[in-house]
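I have placed the structure first, in the form of structure tokens, so that the comments after it can refer back to it.
The values are calculated or read from the model by the stated rules, or taken from the named source; none is laboratory data. Quick caveat, the model's predicted, so the values are computed rather than measured. Reconstructed Cβ throughout: ideal geometry from the backbone, glycine too, with neighbour counts over all protein chains shown.
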Amino acid sequence: MSDGSAARPAVSAEALSDLDEWSRAALLSMYARRPQRGADGLLYPIDRYTRISASEGMALYRWCVDGRAGSTLEIGLGYGFSAAFLLAALERNGGGRHVAVDPYQATDWHGIGVTTAQALAGGAASLTPDSFVWMDTRSETALVRLEQAGAAFDLVFVDGYHRFDDVLVDFTLAARMVPVGGMIVLHDLHLASVRAVASWIRHDRPDFVRVPTRCRNLFAVRRVSEDERDWRHFVAFPVR
């Protein structure tokens, strides 16, 4: 969610010109830091930092549209910036389902992320209120439940708790539900913990290959084969 950098300037409508009006208007309001509606119906201010950039959001959007994604997952909902981009992509693709995992909506975000995503899903022509699913639990619990239910996702956005072990567990569990051709994207590559997981993926997960992006704070990989490593597999990876 937050990249720890200085606050960014407001985003122009041109930066989001590929989006339909219903999602573009919502995102412009959020990037302008206008008060957003919470789960209780009241308006609340939002901070300057907890968001993905417009360029990062458009990268997610284009990956989903180009890949004809019909099912997406994000870990870490926050105010709903990334959810808005992903729902916009599903709408452009003619429908689908977006699942967001965040156990802190009530305690940290006034339910703004859930409220925003529900409103967007309910107002889109190709989506329904059921197109957005919020899981109010920790990611390791949610991901196991999703796998047990037989879920599969064309794109997974990992932007939850940023400790090395949490990111590693989120990737490992999510990878089990990503088919060949699907993608996993890690946010906040400026953090050493996320860079360490990215290094491990590059060296120890030959079933995923890196996808080029101009967004320096994103690490994106695409699944190119099944996981055929044996139980002894390990390649030492640099941490920097």
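Quick check, is residue 89 crowded, with 24+ Cβ neighbours inside 10 Å, assigned to a helix (DSSP H, G or I) and among the aliphatic types (A, V, I, L, M)?
Working: crowded, with 24+ Cβ neighbours inside 10 Å: yes; assigned to a helix (DSSP H, G or I): yes; among the aliphatic types (A, V, I, L, M): yes.
When the stated conditions are applied, residue 89 passes them.
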All positions within region 163-177 that are more than 22 Å from residue 224 (Cβ to Cβ), assigned to a helix (DSSP H, G or I) and touching a helix residue (DSSP H, G or I) at 6+ places or on another chain (Cβ under 8 Å): 164, 166, 169
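Can you find even one residue in region 28-38 that is charged (D, E, K, R), farther than 28 Å from residue 142 by Cβ and over 19 Å from the mean Cα position of the chain (by Cα)?
Within region 28-38, the first condition is being charged (D, E, K, R), and the residues that meet it are 33-34, 37.
Then keep just the ones that are farther than 28 Å from residue 142 by Cβ; that gives 33-34.
Subset that is over 19 Å from the mean Cα position of the chain (by Cα): 33-34.
Yes, that holds for at least one residue.
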Failed item in (1) free of Cβ contacts under 8 Å to residues at least 40 places away in the same chain; (2) closer than 25 Å to residue 196 by Cα, with residue 107 passing the rest: (2)
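State all residues of region 190-215 that are of a type in the set (Gly, Ala, Ser) and surrounded by 15 or more Cβ atoms within 10 Å (Cβ to Cβ); if no residue qualifies, say none. Write out each step before concluding.
Residues of region 190-215 of a type in the set (Gly, Ala, Ser): 192-193, 196, 198-199.
If the condition is that a residue be of a type in the set (Gly, Ala, Ser) and surrounded by 15 or more Cβ atoms within 10 Å (Cβ to Cβ), then 193, 196, 198, 199 are the ones that fit.
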Hits in region 122-141 - residues which are assigned to a helix (DSSP H, G or I) and either modelled with pLDDT of 95 or more or surrounded by 22 or more Cβ atoms within 10 Å (Cβ to Cβ) (or both): 131, 139, 140, 141
Residue check for residue 150: at pLDDT 95 or above and more than 17 Å from the chain's Cα centre (by Cα): yes
Single residue of 67, 78, 113, 57 found to be on the phi > 0 side of the Ramachandran plot and not hydroxyl-bearing (Ser, Thr, Tyr): 78
Within region 92-117, tally of residues that are in a loop (DSSP other than H, G, I, E, B) and in contact with a helix residue (DSSP H, G or I) (Cβ under 6 Å, 6 or more places away or on another chain): 2
Residue count, region 67-83 (criterion: in a helix (DSSP H, G or I) and under 26 Å from residue 147 (Cβ atoms)): 2
